[in-house]
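Below is one structure, written out as structure tokens, with a few remarks after it.
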Amino acid sequence: MTKRIGLLTLPLHYNYGGTLQAAALYRVLTKDLDKEVVFLERDNRQWRMSLSSRALIGSLTHLPGLAAWRNRLVTVANWLPVGLRDKMLERVDIALRDQRIRTHQPFVDRYLPERTGKLGSTDEMAAAAQRFGLDTLVVGSDQVWRLDYFPSDAEEDYFFGFAPSPAIRKIAYAASFGHGTWTFPRHTARTKELVAQFDAVSVREASGVEICATVFDRRDAVHVIDPTLLVDPSFYQEIAGRRPTSSSKKAFLSYVLDVEPERQKLARDVQASLGPGYNHRSLTLDTGSKTIDIPEWLRAFMLADFVLTDSFHGTVFSIIFRKPFISIVNKNRGADRFLSLAGQLGLENRLIFSTDTTGLRQAALTPIDFSMVEKRLESLRRSSFDFLSEAVQVK
């Protein structure tokens with residue numbers, strides 16, 4: 001039997017969906033499958049800075065009100081030379097990002113308790129696998145096989161290049177390529193070698209099955225659901241804590257990652273379609289806004305009566321909490337995952353593309369048959385769980 005599993009995903013940072021999917025997969029492995037799991041904290045920081053710059057960022061990270069100070073700096077910095085202004089804002093944004101990561105640390109400590117500590121290189125990954133006595137490795141989910149998300153010294157780590165021993169079992173759960181086709185031909189030969197060493201492969205998108213078969217000759221790849229959909233939904237009530245209270249008006253939530261004028265107009269159009277009985281709340285990852293923690297983020301979706309989002313996991317949690325929604329297909333961040341999930345659950349009519357508002361009003365006013373959605377989801381949940389359960393057992 002498997003003794004200890006090493007779980008690898010994208011660096012958590014302050015990404016809500018990315019952190020929740022890691023915690024969900026950790027939960028299924030530890031609670032539902034009774035495995036001992038260690039979270040591999042690969043650090044993919046692509047910026048390299050001087051000691052003085054790192055010291056400055058460390059100092060800024062501890063400043064209260066840094067987000068508001070950053071907004072004021074944008075105005076003042078317009079009087080500075082462009083190069084100096086950009087360098088100052090870059091340092092502040094990195095400090096703000098690190099400050100926001102700390103907001104999520106209590107959640108990480110509770111729901112990903114066994115961790116390796118930061119691993120900054122392939123050699124450190126290999127050493128951690130040995131130090132923690134890992135006999136099985138699981139990579140997933142999210143866009144863990146999208147090579148343009150990594151610096152060159154981390155690309156092979158997500159295909160377990162740091163663990164060449166055949167004695168270590170290698171599994172991909174709901175891995176995503178991020179694109180509908182393989183777009184990294186320079187890496188095809190080496191990646192094919194590494195994928196061939198996997199004992200079990202599953203991917204999150206239907207296109208990933210095709211990529212595995214035609215590019216890497218893995219015709220046994222299985223299409224499974226994202227870990228956030230795999231875990232029992234009561235897990236999120238546990239995280240959210242206190243039950244949200246409702247107001248006299250219904251709640252229209254917009255969670256849009258790419259805050260652009262066109263998408264702001266979409267939010268106004270949706271609210272106009274819904275009518276005056278809705279209060280609008282906007283969640284944003286913009287560096288000038290306050291960071292909310294993961295429980296509050298979940299409560300925002302739980303309290304919503306309608307959701308507009310361009311986030312994949314924003315779409316997922318709308319489905320989990322049975323909220324009517326419209327999803328803007330986010331091509332830059334990975335469109336195929338929206339299309340694949342909507343196709344699995346019969347929700348294609350909830351997707352819009354960019355600023356194409358054709359059918360927006362109709363979609364906003366058309367209810368979702370969640371009984372049909374949940375029947376499909378339960379079938380997918382069973383088959384996905386069966387794949388993972390079988391994959392982590394040593395034959």
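The values are calculated or read from the model by the stated rules, or taken from the named source; none is laboratory data. Everything numeric in this text was worked out from a predicted model, so none of it was measured. Note that each Cβ is placed from the backbone with ideal geometry, even for glycine, and that neighbours are counted across all protein chains shown. These accessible areas exclude ligands, DNA and RNA; they are computed on the full protein's heavy atoms, side chains included. Shrake-Rupley method; radii C 1.70, N 1.55, O 1.52, S 1.80 Å.
For the chain, give the percent of accessible area contributed by carbon and sulfur heavy atoms, probe 1.4 Å, rounded to a whole number.
Looking at the chain in its full context, I get 52 percent from C and S.
If I take R0 = 22 Å and measure r between the Cβ atoms of residue 281 and residue 353 in this structure, what FRET efficiency does the formula 1/(1 + (r/R0)^6) give, to the nearest 0.05?
Efficiency for this residue pair is about 0.35.
Compute, for the chain, the length of the dipole vector about the Cα centre, with Cβ point charges of +1 (Lys, Arg) and -1 (Asp, Glu) only. Units Debye, rounded to 20.
Magnitude of the dipole: close to 960 debye.
Skipping prolines and chain starts, which residues have an amide H placed within reach, meaning under 5 Å, of the one on residue 325, given they are 5 or more residues away or on another chain?
Counting only residues 5 or more places away or on other chains, the set is 307.
In Å², and per residue, what accessible area does the chain have when probed at 1.4 Å with the other protein chains present?
I get 45 Å² per residue for the chain.
Using +1 at the C-beta of Lys and Arg and -1 at the C-beta of Asp and Glu, which of 151, 105, 69 has the Cα lying farthest in the positive direction of the dipole of the range 40-152?
My answer, from the dipole projection, is 69.
Taking residue 3 as the anchor, which aspartates and glutamates have their alpha carbon closer than 17 Å to its alpha carbon, excluding any fewer than eight residues away along the same chain?
Partners within reach: 32, 34, 36, 114, 135, 199, 390.
Please work out whether the chain counts as rounded, prolate or oblate from its C-alpha gyration tensor, where a ≥ b ≥ c are the square roots of the eigenvalues and a/c under 1.5 means rounded, while otherwise a/b larger than b/c means prolate and anything else oblate?
Note, shape of the chain comes out oblate.
Between residue 5 and residues 5 or more places away or on another chain, which pairs have amide H atoms under 5 Å apart, with H built 1.01 Å from N, and which residues are they?
Result for residue 5 returns 36, 37, 38.
Return the whole-Å distance between the Cα centroid of the range 58-86 and the Cα centroid of the range 167-187.
38
Among the aspartates and glutamates, select those whose C-alpha is under 12 Å from the C-alpha of residue 31, and discard any that sit fewer than 8 residues away in the same chain.
Excluding near neighbours in sequence, the set is 232.
Could you work out the local net charge near residue 34, counting Lys and Arg as +1, Asp and Glu as -1, over the other residues with Cβ closer than 14 Å to its Cβ?
+3
Does a label point 7 Å from the Cα of residue 110, set along Cα-to-beta-carbon, have any residues of the range 19-42 with amide nitrogen under 12 Å, and which are they?
No residues fall inside that zone.
What length, rounded to one decimal in nm, is gained on full extension from residue 305 through to residue 127, with 0.36 nm per residue of separation minus their alpha-carbon distance?
Contour length minus the Cα-Cα distance gives 59.2 nm.
Using a simple spin-label model with points 7 Å from Cα along the Cα→Cβ vector, what separation in nm is obtained for residue 365 and residue 71?
3.6
Tell me the mean residue ellipticity at 222 nm calculated for the chain from its helices only (DSSP H runs of n ≥ 4, each -39500 (n - 2.57), averaged over every residue, nearest 500).
Computed ellipticity for the chain at 222 nm equals -13500 deg cm²/dmol.
Would you mind calculating the gained length between residue 265 and residue 376 on full extension (0.36 nm times residue separation, minus the Cα-Cα distance), in nm to one decimal?
36.6 nm
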